[in-house]
1. What is the angle, in °, between the Cα long axis of helix 50-59 and the longest principal axis of the Cα atoms in the chain? Nearest 10 is fine, range 0 to 90.
2. With a 1.4 Å probe and all protein chains left in place, how much accessible area per residue does the chain have, in Å²?
3. Relative to the longest principal Cα axis of the chain, at what angle does helix 5-20 sit, 0 to 90 degrees, rounded to 10?
4. Ignoring any ligand, DNA or RNA, what whole percent of the accessible area of the chain comes from carbon and sulfur when the probe is 1.4 angstrom?
5. Taking the Cα-to-Cβ direction at L11 and at T34 and moving 7 Å from each Cα, how far apart do the two end points lie in nm?
6. What nm distance separates the two modelled labels at A69 and S43, each placed 7 Å from Cα along Cα→Cβ?
Amino acid sequence: MGVGLEELLRLTVAALMQATGESQRVVAGVLGLTQTQVSRRQSGVTSWTLRDVDVLAEYYEMAALDVLAGPTRACEMLPAARRRAVRVGKGVAR
């Protein structure tokens, strides 16, 4: 059996935070929640709501269905300007 929608959404939020370099505190501010509430959603103690999905989709500049489609799709749809700059090691092209 595959990953359920709730777990897929947790993975997607984590991937978007990683891709943008944003913390749970930033996501909490966007959603009007506390960092603790976002942490509880990310750990599965509390469920993400459809309102959360709508707000996150608008914030990350994509359709709600792209957020629900999983981390790969969401990160593909993330505008380039929203991605964090990647630092690379010595001798690696930038």
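The values are calculated or read from the model by the stated rules, or taken from the named source; none is laboratory data. Just so we're clear, the structure is a prediction, and the values are computed from it rather than from any experiment. Every residue, glycine as well, gets a Cβ built from its backbone with ideal geometry; the counts of neighbours run over all protein chains shown. Please note that ligands, DNA and RNA were not included when accessible areas were found on the heavy atoms of the full protein model with its side chains. Shrake-Rupley method; radii C 1.70, N 1.55, O 1.52, S 1.80 Å.
1. Computed tilt is about 20 degrees.
2. Accessible area per residue: 63 Å².
3. Around 30 degrees separate the two axes.
4. Summing carbon and sulfur atoms, their accessible area is 55 percent of the total for the chain.
5. For the pair L11/T34, the computed spacing is 3.0 nm.
6. Between A69 and S43, the label points sit 3.2 nm apart.
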